[in-house]
Amino acid sequence: MSRRKTRPRTAPRTAPAPAVTPESPCPCGLDAAYGACCGRFHTGTGGTAPTAELLMRSRYSAFVVRDEAHLLRTWAPETRPAEVDFDPGLRWTGLEIETTTEGTAFHQHGTVTFAARYVHGGTPGTLREHSRFARHEGAWVYVDGDVAE
């Protein structure tokens with residue numbers, strides 16, 4: 001008779017990220033495949049996002065696919081957390097850019113106001129934020145934002 005070892009109970013693991021392939025529609029909502037859209041910024045093959053809006057879209061997609069490295073790399077050093085805490089019960093379902101100011105190749109600062117839809121524990125919701133972006137060493141970075149109630 002064989003003896004089966006039991007593993008000690010551990011805390012639940014973070015839920016896996018949704019399966020997004022380079023050929024999948026990009027989670028950011030633009031009419032492009034993930035690999036040609038936000039995925040190129042995540043992998044670094046597309047350089048850095050040329051506008052604050054494209055950085056916002058790539059960061060949203062990074063939350064969808066749980067790409068902590070991209071999120072931390074594109075966060076301003078003065079406001080960057082040590083890590084990103086992904087909620088395993090949260091699934092992002094859509095992004096709408098509401099307004100942008102400045103944030104192009106000709107600017108040093110910009111803002112993006114967006115609505116990000118999600119489902120948490122089976123309940124749908126929307127996160128609205130007015131985000132601030134700035135150039136850091138030539139690249140756009142997320143500085144901070146005001147979440148609407």
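The values are calculated or read from the model by the stated rules, or taken from the named source; none is laboratory data. Nothing here was measured: the structure is a model prediction, and the numbers come from that model. As a convention, Cβ positions derive from the backbone with ideal geometry for all residues, glycine included, and neighbour counts pool all protein chains shown. With ligands, DNA and RNA removed, areas are computed over all heavy atoms of the protein, side chains included. Shrake-Rupley method; radii C 1.70, N 1.55, O 1.52, S 1.80 Å.
Restricting the first member to region 115-138 and to residues that are closer than 15 Å to Thr104 by Cα, and the second to residues that are open to solvent by 80 Å² or more (accessible area, probe 1.4 Å) and part of a loop (DSSP other than H, G, I, E, B), the beta-carbon pairs closer than 6 Å and six or more apart or on different chains are Arg135/Gln108. Every listed requirement among (1) open to solvent by 80 Å² or more (accessible area, probe 1.4 Å); (2) over 27 Å from Ala19 (Cα atoms); (3) β-branched (Val, Ile, Thr) is met by Thr123 save one, (2). Taking residues in region 46-66 that are more than 19 Å from His130 (Cα to Cα) and open to solvent by 10 Å² or more (accessible area, probe 1.4 Å), and partners anywhere that are of a type outside the set (Phe, Trp, Tyr) and part of a helix (DSSP H, G or I), the pairs with Cβ atoms closer than 7 Å and at least 6 places apart or on different chains are Gly46/Arg40.
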